[in-house]
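Read-outs throughout are calculated quantities, based only on the coordinates presented, and are distinct from any laboratory measurement. Fair warning: this is a prediction, and the values are worked out from it, not measured in the lab. Reconstructed Cβ throughout: ideal geometry from the backbone, glycine too, with neighbour counts over all protein chains shown.
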């Protein structure tokens, strides 16, 4: 199976490339910066192409030549979820790129969506629920899905829409919670400022998420929306305390220093039933 991965040097992309190689796929990796790519452990094992997929005049037919699956992860501007550029720029540019790839003969497309498509709904979130995106990022992603589903009626192809939840691990945004905690532990800080920590979230290690995405790609009969998640609600405080234990650190938590986000419900997590049924208990690991 020949897979084209866009955003290959990003947080998710770099791990997905590794997971695909581990599962025996041939990978054509695309990202804008070749120097960043050279630092990836898989660089010598892939066909790397330095390109901006949103650039006018890009020869998309050549880019997807002999490709069986497009794994589209590229999405500039994160983690700014409120920027209007998500639907003013990324949405039309992504749709144009994927449409051109499909028209050039790609028969299977995996796109990473987001749990923010569900909006402010509380509790366990499953794929059959109505979506109510509450920020520009979630709105743009969900609209892209609708555009692509309309495209399927004109030009048939398999669309695998994988909604990501809260991922953590190597390559995560330096401003993310666990990255900030690691810096505080490394600096031997006495305390760490955070919220009260009672929010319930669905956390998944990036390596596990990448293995699940690679497993989905190797299920070409599946078409539709699927949660890429753990299916287990965990409090932010429990996540932080567990990470401190794992690091062998000794740092006090200054709980309640930050208020809860008004852009997220207090408790929400993904229903992983469909994912488990499709990939099995081991999730292809």
Item to check | Residue with peak Gaussian network fluctuation, the chain [Cα springs, cutoff 10 Å], from 229, 115, 25 | outcome: 25
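Using Cα-Cα distances under 8 Å and only pairs 6 or more residues apart, what relative contact order does the chain have, in percent?
Averaging sequence separation for qualifying contacts and normalising by length gives 19 percent for the chain.
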Checklist entry - In degrees between 0 and 90, to the nearest 10, how far off the longest principal axis of the chain does helix 91-103 point, with axes built from Cα atoms? => result 40 degrees
Checklist entry - Among 110, 213, 63, which one moves the most in a GNM of the chain with springs linking Cα atoms closer than 10 Å? => result 63
Checklist entry - From the square roots a ≥ b ≥ c of the eigenvalues of the alpha-carbon gyration tensor of region 1-77, which class results: rounded (a/c under 1.5), prolate (a/b over b/c), or oblate? => result oblate
Checklist outcome for this item: Taking a ≥ b ≥ c as the square roots of the Cα gyration tensor eigenvalues, with a/c under 1.5 meaning rounded and otherwise prolate when a/b beats b/c or oblate if not, region 236-285 comes out oblate
Checklist entry - Which value in nm describes the separation of the simple spin-label points at residue 65 and residue 43, placed 7 Å from the Cα toward the beta carbon? => result 2.5 nm
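Using alpha-carbon pairs under 8 Å, 6+ residues apart, how would you state the relative contact order of region 104-249 in percent?
Computed over region 104-249, the figure is 27 percent.
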Item to check | On Cα atoms only, tilt of 206-217 relative to the major axis of the chain in degrees | outcome: 30 degrees
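If each DSSP helix of 4+ residues adds -39,500 (n - 2.57) and the sum is divided by the residues in the chain, what number results at 222 nm, nearest 500 deg cm²/dmol?
Details: 9 runs with 94 residues, N = 285.
Taking each H run of at least 4 residues, the total per residue is -10000 deg cm²/dmol.
List 176, 128 from most exposed to least, where exposure is judged by having the fewest other Cβ atoms within 10 Å. Could you put the intermediate results ahead of the total?
On the way: 176 15, 128 8.
Final ranking by Cβ density, sparse to dense: 128, 176.
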Item to check | Cα long-axis angle, helix 236-247 against the chain (0 to 90 degrees, to the nearest 10) | outcome: 90 degrees
Next on the checklist: Just to verify a number: FRET efficiency for residue 207 and residue 260, C-beta to C-beta distance, R0 = 22 Å, to 0.05?
Outcome noted: 0.15
Checklist outcome for this item: Checking 173, 227, 254 against a Gaussian network model of the chain (alpha-carbon springs below 10 Å), the top fluctuating residue turns out to be 254
Checklist entry - Between region 213-255 and region 92-154, what's the alpha-carbon centroid distance in Å? => result 22 Å
